[in-house]
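To keep things clear, I will list the structure first and then write my remarks on it.
The values are calculated or read from the model by the stated rules, or taken from the named source; none is laboratory data. The structure displayed is predicted, hence computed values, not measured ones. All Cβ positions, glycine included, derive from the backbone under ideal geometry; neighbour counts span all protein chains shown.
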Amino acid sequence: MPDEEREQYAREQIAKIKPVINKVLEEDYAGGVDVPDLKGGFEEAKDIIQAVVDKLEEKNAKLLSLYERDYANLKGWVESMTSGVLMFDSKKQVLLVNSMLRQIMGLRDEELSLENVVALMEQKETGLKEEGFLYAEVREGVWNRMGFGEAIDLMMEKGYTIKYLKVPLKEKFFEVHINPVRDEKGQVSGGAMVLHDITMMVEIDKMKTDFVSVASHQLRTPLTAMRLYAEMLLNEDVGGLNSGQKDYVEKLQESTLRLIKLVNEFLNVSRLESGRLKIEPELTQFEDLIEKVIADLKPLIEERGCKVVFDKPKEPLLQIALDQGLMHEVVNNLLTNAVYYSPTQSGLVEVGLERKAGISPEKMGKKEEGEENEYIFGTSDYLLLSVRDNGIGIPKEVQSRIFGKFYRADNAMRERSDGSGLGLYLVKLIVEASGCKTWFKSPAFTKIEDGKETGWGTMFYVGIPIQGMLPKEGEKTLAA
Ligand code: ADP
(Lines give C-alpha, C1' and ligand atoms only; values in the text may rest on other atoms or scores of the structure.)
Protein backbone atom coordinates (compact mmCIF):
# COMPACT_ATOMS: atom_id res chain seq x y z
CA MET A 1 0.00 0.00 0.00
CA PRO A 2 1.44 3.41 -0.92
CA ASP A 3 2.30 5.74 1.94
CA GLU A 4 -0.57 8.21 1.32
CA GLU A 5 -3.10 5.40 1.28
CA ARG A 6 -1.69 3.98 4.48
CA GLU A 7 -1.88 7.37 6.15
CA GLN A 8 -5.45 7.86 4.91
CA TYR A 9 -6.37 4.45 6.28
CA ALA A 10 -4.85 5.19 9.69
CA ARG A 11 -6.76 8.51 9.82
CA GLU A 12 -10.03 6.67 9.21
CA GLN A 13 -9.36 4.25 12.04
CA ILE A 14 -8.49 7.09 14.45
CA ALA A 15 -11.63 9.00 13.39
CA LYS A 16 -13.67 5.96 14.44
CA ILE A 17 -12.04 6.06 17.87
CA LYS A 18 -12.46 9.81 18.45
CA PRO A 19 -16.14 9.74 19.58
CA VAL A 20 -15.25 7.03 22.09
CA ILE A 21 -12.39 9.09 23.57
CA ASN A 22 -14.63 12.16 23.71
CA LYS A 23 -17.34 10.27 25.58
CA VAL A 24 -14.76 9.09 28.11
CA LEU A 25 -13.32 12.60 28.51
CA GLU A 26 -16.79 13.97 29.15
CA GLU A 27 -17.53 11.10 31.51
CA ASP A 28 -20.61 10.35 29.46
CA TYR A 29 -21.23 6.70 30.15
CA ALA A 30 -24.99 6.84 29.75
CA GLY A 31 -26.14 4.07 27.42
CA GLY A 32 -22.68 2.43 27.51
CA VAL A 33 -19.63 3.17 25.36
CA ASP A 34 -19.16 1.00 22.27
CA VAL A 35 -15.72 0.74 20.77
CA PRO A 36 -16.13 0.23 16.99
CA ASP A 37 -14.36 -2.57 15.15
CA LEU A 38 -10.96 -1.58 13.86
CA LYS A 39 -9.08 -3.27 11.08
CA GLY A 40 -5.77 -3.55 9.36
CA GLY A 41 -3.40 -3.95 12.31
CA PHE A 42 -5.54 -1.78 14.65
CA GLU A 43 -7.42 -4.78 16.14
CA GLU A 44 -5.06 -4.87 19.11
CA ALA A 45 -5.61 -1.14 19.75
CA LYS A 46 -9.34 -1.81 19.91
CA ASP A 47 -8.83 -4.41 22.66
CA ILE A 48 -6.68 -2.04 24.69
CA ILE A 49 -9.15 0.85 24.33
CA GLN A 50 -12.04 -1.46 25.19
CA ALA A 51 -10.22 -2.55 28.38
CA VAL A 52 -9.56 1.09 29.40
CA VAL A 53 -13.18 2.06 28.74
CA ASP A 54 -14.46 -0.93 30.74
CA LYS A 55 -12.19 -0.07 33.64
CA LEU A 56 -13.28 3.57 33.65
CA GLU A 57 -16.93 2.59 33.45
CA GLU A 58 -16.49 0.25 36.38
CA LYS A 59 -14.71 2.91 38.43
CA ASN A 60 -17.32 5.48 37.63
CA ALA A 61 -20.13 3.16 38.65
CA LYS A 62 -18.35 2.53 41.96
CA LEU A 63 -17.91 6.25 42.60
CA LEU A 64 -21.54 6.88 41.77
CA SER A 65 -22.72 4.24 44.17
CA LEU A 66 -20.41 5.63 46.89
CA TYR A 67 -21.77 9.11 46.24
CA GLU A 68 -25.33 7.80 46.32
CA ARG A 69 -24.62 6.02 49.58
CA ASP A 70 -23.09 9.16 51.14
CA TYR A 71 -25.94 11.31 49.92
CA ALA A 72 -28.48 8.82 51.28
CA ASN A 73 -26.59 8.79 54.60
CA LEU A 74 -26.51 12.59 54.73
CA LYS A 75 -30.20 12.73 53.88
CA GLY A 76 -30.89 10.15 56.57
CA TRP A 77 -28.97 12.08 59.20
CA VAL A 78 -30.55 15.38 58.27
CA GLU A 79 -33.97 13.75 58.13
CA SER A 80 -33.57 12.22 61.58
CA MET A 81 -32.78 15.59 63.18
CA THR A 82 -35.48 16.99 65.40
CA SER A 83 -34.60 20.53 64.25
CA GLY A 84 -35.64 21.94 60.91
CA VAL A 85 -32.73 21.95 58.42
CA LEU A 86 -32.42 23.64 55.06
CA MET A 87 -29.19 23.47 53.05
CA PHE A 88 -28.49 25.72 50.11
CA ASP A 89 -25.70 26.32 47.61
CA SER A 90 -23.75 29.48 46.74
CA LYS A 91 -26.55 30.58 44.40
CA LYS A 92 -29.04 30.20 47.26
CA GLN A 93 -30.68 27.23 45.56
CA VAL A 94 -32.14 24.77 48.03
CA LEU A 95 -30.16 21.49 48.08
CA LEU A 96 -31.68 19.60 50.96
CA VAL A 97 -34.60 20.08 53.32
CA ASN A 98 -35.76 17.75 56.06
CA SER A 99 -39.35 16.92 56.91
CA MET A 100 -39.18 18.91 60.18
CA LEU A 101 -38.48 22.06 58.19
CA ARG A 102 -41.33 21.28 55.79
CA GLN A 103 -43.59 20.81 58.80
CA ILE A 104 -42.46 24.07 60.48
CA MET A 105 -42.88 26.12 57.32
CA GLY A 106 -46.01 24.39 56.08
CA LEU A 107 -44.80 24.90 52.51
CA ARG A 108 -45.32 22.52 49.60
CA ASP A 109 -42.18 21.12 47.91
CA GLU A 110 -42.50 23.42 44.91
CA GLU A 111 -42.76 26.44 47.26
CA LEU A 112 -39.63 25.53 49.22
CA SER A 113 -37.24 28.25 48.06
CA LEU A 114 -34.88 30.14 50.37
CA GLU A 115 -36.73 33.34 49.47
CA ASN A 116 -40.11 31.95 50.58
CA VAL A 117 -38.67 30.56 53.80
CA VAL A 118 -37.06 33.92 54.63
CA ALA A 119 -40.27 35.83 53.85
CA LEU A 120 -42.22 33.49 56.11
CA MET A 121 -39.75 33.89 58.97
CA GLU A 122 -39.75 37.66 58.65
CA GLN A 123 -43.55 37.58 58.60
CA LYS A 124 -43.63 40.18 55.87
CA GLU A 125 -47.29 39.57 55.26
CA THR A 126 -48.25 40.17 58.91
CA GLY A 127 -46.19 43.37 59.13
CA LEU A 128 -44.29 42.16 62.23
CA LYS A 129 -40.96 42.67 60.52
CA GLU A 130 -39.69 45.45 62.75
CA GLU A 131 -40.02 43.48 65.98
CA GLY A 132 -37.00 42.84 68.20
CA PHE A 133 -36.62 39.21 67.08
CA LEU A 134 -34.62 40.45 64.11
CA TYR A 135 -31.64 41.02 66.40
CA ALA A 136 -28.88 38.64 65.39
CA GLU A 137 -25.65 37.67 67.10
CA VAL A 138 -23.11 38.07 64.33
CA ARG A 139 -20.11 37.11 66.39
CA GLU A 140 -19.80 36.44 70.09
CA GLY A 141 -21.22 39.43 71.90
CA VAL A 142 -21.82 41.44 68.69
CA TRP A 143 -25.53 41.93 68.04
CA ASN A 144 -27.03 43.64 65.02
CA ARG A 145 -30.51 44.33 63.84
CA MET A 146 -30.77 42.56 60.49
CA GLY A 147 -33.17 40.54 58.39
CA PHE A 148 -32.52 36.90 57.48
CA GLY A 149 -31.73 37.74 53.85
CA GLU A 150 -29.04 40.16 54.96
CA ALA A 151 -27.73 37.60 57.47
CA ILE A 152 -27.42 34.96 54.73
CA ASP A 153 -25.45 37.39 52.54
CA LEU A 154 -23.14 38.24 55.46
CA MET A 155 -22.65 34.57 56.28
CA MET A 156 -21.70 33.84 52.63
CA GLU A 157 -19.38 36.83 52.43
CA LYS A 158 -17.59 36.54 55.78
CA GLY A 159 -18.19 32.95 56.79
CA TYR A 160 -19.78 33.96 60.11
CA THR A 161 -22.26 31.77 61.93
CA ILE A 162 -25.26 33.98 62.65
CA LYS A 163 -27.70 33.27 65.46
CA TYR A 164 -31.21 34.51 66.23
CA LEU A 165 -32.46 33.71 69.71
CA LYS A 166 -36.23 33.85 69.57
CA VAL A 167 -37.99 33.91 66.22
CA PRO A 168 -41.80 33.65 66.40
CA LEU A 169 -43.30 31.53 63.64
CA LYS A 170 -46.83 30.16 63.49
CA GLU A 171 -47.57 30.18 67.25
CA LYS A 172 -44.15 28.72 68.04
CA PHE A 173 -40.67 30.07 68.79
CA PHE A 174 -37.39 29.05 67.20
CA GLU A 175 -33.72 29.61 67.75
CA VAL A 176 -32.30 30.02 64.25
CA HIS A 177 -28.69 29.41 63.23
CA ILE A 178 -27.33 30.29 59.82
CA ASN A 179 -24.08 28.36 59.32
CA PRO A 180 -21.59 28.48 56.47
CA VAL A 181 -20.80 25.24 54.60
CA ARG A 182 -17.27 25.15 53.21
CA ASP A 183 -15.71 23.27 50.30
CA GLU A 184 -12.44 21.34 50.52
CA LYS A 185 -10.47 24.61 50.03
CA GLY A 186 -12.23 26.18 53.00
CA GLN A 187 -14.26 28.59 50.83
CA VAL A 188 -17.91 29.16 51.72
CA SER A 189 -19.84 27.15 49.14
CA GLY A 190 -23.30 27.44 50.64
CA GLY A 191 -25.06 27.38 53.95
CA ALA A 192 -27.29 25.51 56.35
CA MET A 193 -30.17 27.07 58.20
CA VAL A 194 -31.14 25.24 61.37
CA LEU A 195 -34.31 25.96 63.37
CA HIS A 196 -34.58 24.62 66.93
CA ASP A 197 -38.02 24.65 68.48
CA ILE A 198 -37.73 26.50 71.82
CA THR A 199 -41.45 27.06 72.38
CA MET A 200 -41.45 25.16 75.67
CA MET A 201 -38.51 27.14 77.05
CA VAL A 202 -40.17 30.40 76.04
CA GLU A 203 -43.38 29.35 77.79
CA ILE A 204 -41.56 28.41 80.98
CA ASP A 205 -39.64 31.67 80.85
CA LYS A 206 -42.89 33.57 80.46
CA MET A 207 -44.43 31.74 83.43
CA LYS A 208 -41.40 32.73 85.50
CA THR A 209 -41.58 36.34 84.32
CA ASP A 210 -45.29 36.45 85.16
CA PHE A 211 -44.60 34.99 88.58
CA VAL A 212 -41.84 37.50 89.32
CA SER A 213 -44.05 40.30 88.08
CA VAL A 214 -47.02 39.34 90.28
CA ALA A 215 -44.87 38.56 93.32
CA SER A 216 -42.93 41.84 93.04
CA HIS A 217 -46.12 43.77 92.59
CA GLN A 218 -47.64 42.21 95.68
CA LEU A 219 -44.47 42.82 97.69
CA ARG A 220 -44.38 46.50 96.91
CA THR A 221 -47.43 47.50 98.95
CA PRO A 222 -46.29 46.02 102.31
CA LEU A 223 -42.73 47.22 101.67
CA THR A 224 -43.90 50.76 101.02
CA ALA A 225 -45.88 50.63 104.28
CA MET A 226 -42.75 49.44 106.14
CA ARG A 227 -40.71 52.26 104.65
CA LEU A 228 -43.31 54.86 105.64
CA TYR A 229 -43.63 53.58 109.20
CA ALA A 230 -39.87 53.51 109.62
CA GLU A 231 -39.73 57.06 108.33
CA MET A 232 -42.45 58.17 110.77
CA LEU A 233 -40.64 56.53 113.67
CA LEU A 234 -37.37 58.22 112.70
CA ASN A 235 -39.16 61.58 112.40
CA GLU A 236 -40.35 60.93 115.95
CA ASP A 237 -43.96 61.57 114.84
CA VAL A 238 -45.14 59.23 117.59
CA GLY A 239 -42.71 60.13 120.35
CA GLY A 240 -38.95 60.23 120.88
CA LEU A 241 -36.56 57.31 120.38
CA ASN A 242 -33.50 56.56 122.45
CA SER A 243 -30.25 56.11 120.53
CA GLY A 244 -30.43 52.28 120.54
CA GLN A 245 -33.98 52.34 119.16
CA LYS A 246 -33.00 54.90 116.56
CA ASP A 247 -30.11 52.73 115.46
CA TYR A 248 -32.40 49.71 114.97
CA VAL A 249 -35.04 51.66 113.08
CA GLU A 250 -32.37 53.13 110.81
CA LYS A 251 -31.17 49.60 109.99
CA LEU A 252 -34.79 48.57 109.40
CA GLN A 253 -35.24 51.49 107.00
CA GLU A 254 -32.00 50.71 105.17
CA SER A 255 -32.97 47.09 104.63
CA THR A 256 -36.46 48.06 103.51
CA LEU A 257 -35.02 50.48 100.95
CA ARG A 258 -32.72 47.74 99.64
CA LEU A 259 -35.65 45.37 99.32
CA ILE A 260 -37.71 48.01 97.49
CA LYS A 261 -34.81 48.57 95.09
CA LEU A 262 -34.55 44.84 94.39
CA VAL A 263 -38.30 44.43 93.91
CA ASN A 264 -38.27 47.38 91.51
CA GLU A 265 -35.44 45.78 89.55
CA PHE A 266 -37.46 42.57 89.28
CA LEU A 267 -40.50 44.51 88.11
CA ASN A 268 -38.50 46.48 85.56
CA VAL A 269 -36.87 43.36 84.17
CA SER A 270 -40.25 41.69 83.74
CA ARG A 271 -41.74 44.81 82.15
CA LEU A 272 -38.87 45.05 79.69
CA GLU A 273 -38.76 41.32 78.95
CA SER A 274 -42.47 41.17 78.22
CA GLY A 275 -42.28 44.30 76.04
CA ARG A 276 -44.83 46.17 78.18
CA LEU A 277 -42.54 49.08 78.98
CA LYS A 278 -43.10 52.21 76.93
CA ILE A 279 -40.24 54.28 75.58
CA GLU A 280 -41.03 57.98 75.30
CA PRO A 281 -38.05 59.94 74.00
CA GLU A 282 -38.10 63.71 74.35
CA LEU A 283 -35.46 66.26 73.39
CA THR A 284 -32.90 66.30 76.20
CA GLN A 285 -29.62 67.99 77.00
CA PHE A 286 -27.69 64.79 77.66
CA GLU A 287 -24.97 66.54 79.67
CA ASP A 288 -27.62 67.76 82.17
CA LEU A 289 -29.01 64.27 82.59
CA ILE A 290 -25.52 62.90 83.33
CA GLU A 291 -24.86 65.67 85.86
CA LYS A 292 -28.15 64.89 87.57
CA VAL A 293 -27.20 61.20 87.92
CA ILE A 294 -23.83 62.18 89.40
CA ALA A 295 -25.56 64.56 91.83
CA ASP A 296 -28.07 61.85 92.87
CA LEU A 297 -25.18 59.48 93.57
CA LYS A 298 -23.29 61.99 95.71
CA PRO A 299 -23.92 60.16 99.03
CA LEU A 300 -22.54 56.86 97.62
CA ILE A 301 -19.62 58.62 95.92
CA GLU A 302 -18.67 60.32 99.19
CA GLU A 303 -19.12 57.17 101.23
CA ARG A 304 -16.68 55.34 98.95
CA GLY A 305 -14.23 58.26 98.82
CA CYS A 306 -14.39 58.11 95.05
CA LYS A 307 -13.64 60.89 92.58
CA VAL A 308 -16.06 61.23 89.68
CA VAL A 309 -15.00 63.46 86.79
CA PHE A 310 -17.35 64.35 83.96
CA ASP A 311 -15.37 65.35 80.89
CA LYS A 312 -18.12 67.52 79.38
CA PRO A 313 -17.98 68.39 75.68
CA LYS A 314 -16.45 71.87 75.14
CA GLU A 315 -19.51 73.10 73.26
CA PRO A 316 -22.98 72.03 74.47
CA LEU A 317 -24.23 69.14 72.33
CA LEU A 318 -27.42 69.44 70.31
CA GLN A 319 -30.38 68.12 72.22
CA ILE A 320 -31.12 64.44 71.61
CA ALA A 321 -34.34 62.44 71.94
CA LEU A 322 -33.99 60.36 75.12
CA ASP A 323 -36.45 58.65 77.38
CA GLN A 324 -35.12 60.43 80.45
CA GLY A 325 -36.24 57.85 83.01
CA LEU A 326 -34.71 54.96 81.07
CA MET A 327 -31.46 56.77 80.23
CA HIS A 328 -31.17 57.87 83.86
CA GLU A 329 -31.41 54.19 84.83
CA VAL A 330 -28.71 53.20 82.30
CA VAL A 331 -26.23 55.90 83.37
CA ASN A 332 -27.04 55.33 87.04
CA ASN A 333 -26.33 51.58 86.80
CA LEU A 334 -23.04 52.07 84.96
CA LEU A 335 -21.89 54.76 87.36
CA THR A 336 -22.95 52.86 90.47
CA ASN A 337 -20.96 49.84 89.30
CA ALA A 338 -17.93 51.99 88.47
CA VAL A 339 -18.03 53.55 91.95
CA TYR A 340 -18.57 50.23 93.74
CA TYR A 341 -15.95 48.28 91.81
CA SER A 342 -13.17 50.87 92.05
CA PRO A 343 -10.94 51.05 95.15
CA THR A 344 -12.27 52.80 98.26
CA GLN A 345 -10.67 56.18 98.87
CA SER A 346 -8.68 56.11 95.59
CA GLY A 347 -11.39 55.33 93.08
CA LEU A 348 -11.41 57.48 89.96
CA VAL A 349 -14.38 57.36 87.61
CA GLU A 350 -14.23 59.32 84.36
CA VAL A 351 -17.39 59.95 82.39
CA GLY A 352 -17.03 61.00 78.75
CA LEU A 353 -19.57 62.13 76.19
CA GLU A 354 -18.80 62.94 72.58
CA ARG A 355 -20.37 63.03 69.17
CA LYS A 356 -18.92 60.49 66.74
CA ALA A 357 -19.20 60.53 62.98
CA GLY A 358 -20.78 57.64 61.07
CA ILE A 359 -18.83 55.88 58.35
CA SER A 360 -18.49 57.77 55.07
CA PRO A 361 -20.24 56.04 52.15
CA GLU A 362 -16.88 55.48 50.36
CA LYS A 363 -15.55 53.59 53.36
CA MET A 364 -18.64 51.38 53.58
CA GLY A 365 -17.71 47.70 53.58
CA LYS A 366 -13.99 48.55 53.85
CA LYS A 367 -13.65 48.79 57.60
CA GLU A 368 -10.30 47.90 59.03
CA GLU A 369 -9.66 45.62 61.97
CA GLY A 370 -10.18 47.42 65.27
CA GLU A 371 -12.69 49.80 63.75
CA GLU A 372 -15.59 47.49 64.56
CA ASN A 373 -17.06 49.74 67.22
CA GLU A 374 -16.30 52.96 65.40
CA TYR A 375 -19.22 52.75 63.01
CA ILE A 376 -21.82 50.98 65.04
CA PHE A 377 -24.70 52.79 63.37
CA GLY A 378 -23.38 52.66 59.80
CA THR A 379 -23.43 56.09 58.16
CA SER A 380 -25.38 57.66 61.03
CA ASP A 381 -23.59 59.90 63.58
CA TYR A 382 -24.03 58.98 67.21
CA LEU A 383 -23.32 60.06 70.77
CA LEU A 384 -20.86 57.95 72.68
CA LEU A 385 -21.11 57.82 76.45
CA SER A 386 -18.19 56.23 78.26
CA VAL A 387 -17.72 55.40 81.93
CA ARG A 388 -14.21 54.40 82.93
CA ASP A 389 -13.07 53.26 86.34
CA ASN A 390 -9.74 52.20 87.84
CA GLY A 391 -11.23 49.23 89.66
CA ILE A 392 -11.12 45.43 89.77
CA GLY A 393 -11.76 44.89 86.04
CA ILE A 394 -13.73 42.07 84.46
CA PRO A 395 -11.77 38.81 84.02
CA LYS A 396 -11.44 37.76 80.34
CA GLU A 397 -13.02 34.36 80.90
CA VAL A 398 -16.33 35.79 82.14
CA GLN A 399 -16.61 38.75 79.78
CA SER A 400 -19.15 37.06 77.51
CA ARG A 401 -21.51 36.50 80.45
CA ILE A 402 -21.39 39.89 82.09
CA PHE A 403 -24.67 41.23 80.62
CA GLY A 404 -26.50 38.01 81.58
CA LYS A 405 -29.36 37.95 84.04
CA PHE A 406 -28.19 37.58 87.69
CA TYR A 407 -24.59 37.09 86.58
CA ARG A 408 -21.91 38.33 88.97
CA ALA A 409 -18.19 37.64 88.58
CA ASP A 410 -16.28 36.13 91.52
CA ASN A 411 -14.04 39.17 91.95
CA ALA A 412 -17.14 41.41 92.17
CA MET A 413 -18.80 39.15 94.74
CA ARG A 414 -15.70 39.37 96.92
CA GLU A 415 -15.74 43.16 96.61
CA ARG A 416 -19.43 43.65 97.23
CA SER A 417 -21.69 40.98 98.65
CA ASP A 418 -25.07 42.57 98.08
CA GLY A 419 -25.31 43.07 94.30
CA SER A 420 -28.18 41.49 92.39
CA GLY A 421 -26.55 40.92 89.00
CA LEU A 422 -29.53 42.63 87.39
CA GLY A 423 -28.10 46.10 86.77
CA LEU A 424 -26.22 45.38 83.55
CA TYR A 425 -28.97 43.07 82.34
CA LEU A 426 -31.40 46.00 82.68
CA VAL A 427 -28.93 48.28 80.89
CA LYS A 428 -28.76 45.85 77.99
CA LEU A 429 -32.53 45.40 77.80
CA ILE A 430 -33.13 49.17 77.78
CA VAL A 431 -30.36 49.91 75.32
CA GLU A 432 -31.44 47.24 72.85
CA ALA A 433 -35.16 47.98 73.13
CA SER A 434 -34.43 51.58 72.19
CA GLY A 435 -32.13 50.92 69.22
CA CYS A 436 -28.90 51.84 71.02
CA LYS A 437 -25.81 49.72 71.76
CA THR A 438 -23.65 48.94 74.75
CA TRP A 439 -20.33 47.15 75.22
CA PHE A 440 -17.22 47.37 77.37
CA LYS A 441 -13.48 47.04 77.44
CA SER A 442 -11.58 45.52 80.33
CA PRO A 443 -8.86 46.08 81.38
CA ALA A 444 -9.11 49.79 80.70
CA PHE A 445 -5.49 50.36 81.76
CA THR A 446 -2.37 48.22 81.41
CA LYS A 447 1.25 48.48 82.49
CA ILE A 448 4.32 46.28 82.15
CA GLU A 449 5.96 45.34 85.43
CA ASP A 450 8.97 43.00 85.57
CA GLY A 451 8.26 42.05 81.97
CA LYS A 452 4.69 41.04 82.85
CA GLU A 453 1.61 42.91 81.74
CA THR A 454 -0.97 43.73 84.39
CA GLY A 455 -4.29 45.35 83.71
CA TRP A 456 -7.03 46.99 85.76
CA GLY A 457 -10.18 49.06 85.41
CA THR A 458 -13.14 48.83 83.05
CA MET A 459 -14.61 51.13 80.44
CA PHE A 460 -18.31 50.81 79.58
CA TYR A 461 -19.76 52.42 76.46
CA VAL A 462 -23.24 53.32 75.30
CA GLY A 463 -23.83 54.46 71.71
CA ILE A 464 -27.00 56.39 70.90
CA PRO A 465 -27.77 57.16 67.24
CA ILE A 466 -28.17 60.86 66.59
CA GLN A 467 -31.86 60.27 65.85
CA GLY A 468 -32.18 59.35 69.54
CA MET A 469 -33.83 56.44 71.28
CA LEU A 470 -36.55 54.61 69.35
CA PRO A 471 -40.02 55.29 70.77
CA LYS A 472 -42.15 52.30 71.74
CA GLU A 473 -45.73 51.96 72.87
CA GLY A 474 -46.51 50.15 76.09
CA GLU A 475 -48.64 50.42 79.20
CA LYS A 476 -45.89 50.62 81.84
CA THR A 477 -43.09 52.97 82.88
CA LEU A 478 -40.07 52.12 85.05
CA ALA A 479 -40.82 51.28 88.65
CA ALA A 480 -38.77 53.53 90.89
P1 ADP B 1 -24.17 43.87 90.38
O2 ADP B 1 -23.31 45.09 90.31
O3 ADP B 1 -25.40 44.06 91.19
O4 ADP B 1 -23.42 42.65 90.74
P5 ADP B 1 -24.59 44.23 87.55
O6 ADP B 1 -25.58 43.55 86.67
O7 ADP B 1 -24.65 45.70 87.61
O8 ADP B 1 -24.77 43.57 88.96
O9 ADP B 1 -23.16 43.77 87.07
C10 ADP B 1 -22.95 42.41 86.81
C11 ADP B 1 -21.51 42.06 87.04
O12 ADP B 1 -20.68 42.72 86.09
C13 ADP B 1 -20.95 42.49 88.36
O14 ADP B 1 -21.29 41.61 89.40
C15 ADP B 1 -19.45 42.50 88.08
O16 ADP B 1 -18.96 41.19 88.08
C17 ADP B 1 -19.41 43.01 86.66
N18 ADP B 1 -19.20 44.45 86.57
C19 ADP B 1 -20.10 45.39 86.20
N20 ADP B 1 -19.54 46.62 86.19
C21 ADP B 1 -18.25 46.46 86.56
C22 ADP B 1 -17.13 47.35 86.71
N23 ADP B 1 -17.27 48.67 86.50
N24 ADP B 1 -15.96 46.81 87.07
C25 ADP B 1 -15.83 45.49 87.28
N26 ADP B 1 -16.83 44.60 87.15
C27 ADP B 1 -18.03 45.07 86.78
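Can you tell which of GLU287, GLU303, GLU362 is farther than 17 Å from VAL462 by Cβ, under 31 Å from the mean Cα position of the chain (by Cα) and acidic (Asp, Glu)?
Exactly one residue qualifies, and that residue is GLU362.
Residue check: is VAL309 among the β-branched types (Val, Ile, Thr) and either within 12 Å of the ligand (Cβ to nearest atom) or within 30 Å of LYS472 (Cβ to Cβ) (or both)? No. Give the residue that is farthest from GLY391 (Cα to Cα), with candidates limited to residues of region 296-309 that are loosely packed, with under 15 Cβ neighbours inside 10 Å and of a type outside the set (D, E, K, R). Step by step, filter region 296-309, then rank; the result is PRO299. When you check LEU478 against the structure, is it under 28 Å from ILE260 (Cα atoms), surrounded by 14 or more Cβ atoms within 10 Å (Cβ to Cβ), within 17 Å of the chain's Cα centre (by Cα) and touching a residue at least 60 places away in the same chain (Cβ under 8 Å), yes or no? The answer is no for LEU478. The condition (being part of a strand (DSSP E or B) and either within 30 Å of ARG258 (Cβ to Cβ) or modelled with pLDDT under 95 (or both)) is satisfied by just one residue among VAL202, VAL167: VAL167. Each residue in region 312-352 was checked for being in a strand (DSSP E or B), among the small types (Gly, Ala, Ser) and either away from the ligand (no atom under 16 Å from the Cβ) or within 15 Å of GLY393 (Cβ to Cβ) (or both), and 1 of them qualify. Here are some conditions: (1) modelled with pLDDT of 95 or more; (2) more than 8 Å from the ligand (Cβ to nearest atom). VAL387 meets all but one. Which one does it not meet? Checking VAL387 against (1) modelled with pLDDT of 95 or more; (2) more than 8 Å from the ligand (Cβ to nearest atom), the one that fails is (2). If you filter region 407-417 down to residues that are assigned to a loop (DSSP other than H, G, I, E, B) and near the ligand (Cβ under 8 Å from one of its atoms), you find that the one that is surrounded by the fewest Cβ atoms within 10 Å (Cβ to Cβ) is ARG416. The number of residues in region 449-462 being in contact (Cβ under 8 Å) with a residue 40 or more places away in the chain and either buried (at least 18 other Cβ atoms within 10 Å of the Cβ) or more than 28 Å from ILE376 (Cβ to Cβ) (or both) comes to 6.
Is it fair to say GLU231 is surrounded by 12 or more Cβ atoms within 10 Å (Cβ to Cβ) and among the charged types (D, E, K, R)?
Here the answer is yes, as GLU231 does meet what is asked.
Table: residues versus (1) aromatic (Phe, Trp, Tyr); (2) in a strand (DSSP E or B); (3) crowded, with 17+ Cβ neighbours inside 10 Å; (4) more than 12 Å from the ligand (Cβ to nearest atom).
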| residue | (1), (2), (3), (4) |
| --- | --- |
| ILE392 | no, no, yes, no |
| VAL398 | no, no, no, no |
| PHE403 | yes, no, yes, no |
| LEU426 | no, no, yes, no |
| VAL431 | no, no, yes, yes |
| PRO443 | no, no, yes, no |
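With the structure loaded, tell me whether ARG271 is within 23 Å of GLU432 (Cα to Cα) and not small (Gly, Ala, Ser) or whether it fails that test.
For ARG271, the condition - within 23 Å of GLU432 (Cα to Cα) and not small (Gly, Ala, Ser) - is met.
Of all residues in region 369-382, those satisfying the criterion of being of a type in the set (Asp, Glu) and at pLDDT 60 or above are GLU374, ASP381.
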